[in-house]
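Peer 1: Let me begin by handing over the structure; questions about it come next.
The values are calculated or read from the model by the stated rules, or taken from the named source; none is laboratory data. Computed from a predicted model, the values in this text were never measured in an experiment. Neighbour counts are summed over all protein chains in view; Cβ atoms, including those assigned to glycine, are modelled from backbone coordinates with ideal geometry.
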Amino acid sequence: MLNFNTLQSVLNASAQLVMRKQKFHHILATLRDDLHWLPVCQRIVYKICTIVYKCVHGTVPSHLAEMCTPVAASTGRPNLHSATHGDLMVPRMRTITYGPCGFACVWNDLPPILCESPGKSRQFQSTLKTTTLCCSAYGTSFGAFVTVLAIRTA
């Protein structure tokens, strides 16, 4: 299993280097407000969700798309509640360590409104980052983060 603390400390050190902060400065506010970087765990979820979004919309190679089968596509399951929400089938796993980390598990945990939204990949990525992952990482409300983004881009 990966040690996320080591990866997070590398991310923090790189943020300190980029922003020219002292070694013992608190870096969380800089990551959130200045750089708009997500912590390591949320960055991984972001990458997985982006790949699954592209699988669902058919813009990836077939070997990746095969790993993301909608529940509605399975025979005998089109009337399930999960089929109407656009959930993906979760393959059976024998290991408990890596089973919950699969594409389908991460995708099925997203809010349904985010999974069902048709649109461009960039729009999905922006919404995923600002609404779901930023709130879970920093505990900020959606409006506060969007305000910071609007000020930085203006």
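Peer 1: Which residues, counting only those in the stretch 104-127, are among the hydrophobic types (A, V, I, L, M, F, W, C) and within 20 Å of residue 36 (Cα to Cα)? If you could, list the steps in order and put the result at the bottom.
Peer 2: Step one: filter the stretch 104-127 for residues among the hydrophobic types (A, V, I, L, M, F, W, C), giving 104-107, 110, 113-115, 124.
Result: 124, single match.
Peer 1: Condition first: among the polar types (S, T, N, Q) and free of Cβ contacts under 8 Å to residues at least 60 places away in the same chain. Now tell me which residues in the stretch 9-50 satisfy that. Give the steps one after another, and end with the answer.
Peer 2: We begin by selecting, within the stretch 9-50, every residue among the polar types (S, T, N, Q); these are 9, 12, 14, 16, 22, 30, 42, 50.
9, 12, 14, 16, 22, 30, listed by residue number.
Peer 1: Do the conditions hold for residue 6, that is, is it without any contact (Cβ under 8 Å) to a residue 24 or more places away in the chain, under 29 Å from residue 108 (Cβ atoms) and either touching a helix residue (DSSP H, G or I) at 6+ places or on another chain (Cβ under 7 Å) or not assigned by TED's automatic domain parsing to the domain that holds residue 106 (or both)?
Peer 2: On the way: without any contact (Cβ under 8 Å) to a residue 24 or more places away in the chain: yes; under 29 Å from residue 108 (Cβ atoms): yes; either touching a helix residue (DSSP H, G or I) at 6+ places or on another chain (Cβ under 7 Å) or not assigned by TED's automatic domain parsing to the domain that holds residue 106 (or both): yes.
Here the answer is yes, as residue 6 does meet what is asked.
Peer 1: Let me ask something additional. Taking the conditions exactly as written (closer than 22 Å to residue 119 by Cα and at pLDDT 85 or above), does residue 6 satisfy them or not?
Peer 2: no
Peer 1: Considering 100, 91, 78, which residue is surrounded by fewer than 16 Cβ atoms within 10 Å (Cβ to Cβ), part of a helix (DSSP H, G or I) and modelled with pLDDT under 70? Steps first, answer last, please.
Peer 2: Details: 91 fails: part of a helix (DSSP H, G or I); 78 fails: part of a helix (DSSP H, G or I).
Just one listed residue meets the conditions, 100.
Peer 1: Taking the stated definitions as given, is residue 40 closer than 28 Å to residue 121 by Cα, at pLDDT below 90 and either surrounded by fewer than 13 Cβ atoms within 10 Å (Cβ to Cβ) or under 20 Å from the mean Cα position of the chain (by Cα) (or both)?
Peer 2: Details: closer than 28 Å to residue 121 by Cα: yes; at pLDDT below 90: no; either surrounded by fewer than 13 Cβ atoms within 10 Å (Cβ to Cβ) or under 20 Å from the mean Cα position of the chain (by Cα) (or both): yes.
No: the conditions fail for residue 40.
Peer 1: Still on this structure, please answer the following. Could you grab me the full set of residues in the stretch 1-55 that are part of a loop (DSSP other than H, G, I, E, B) and basic (Lys, Arg)? Please lay out each step first, then the result.
Peer 2: Going residue by residue through the stretch 1-55, those that are part of a loop (DSSP other than H, G, I, E, B) are 1-3, 20-27, 36-39.
20, 21, 23 - these are the residues of the stretch 1-55 that are part of a loop (DSSP other than H, G, I, E, B) and basic (Lys, Arg).
Peer 1: Return yes or no: is residue 124 surrounded by 14 or more Cβ atoms within 10 Å (Cβ to Cβ), modelled with pLDDT under 80 and assigned to a helix (DSSP H, G or I)? Give the derivation first.
Peer 2: On the way: surrounded by 14 or more Cβ atoms within 10 Å (Cβ to Cβ): yes; modelled with pLDDT under 80: no; assigned to a helix (DSSP H, G or I): yes.
In short, no.
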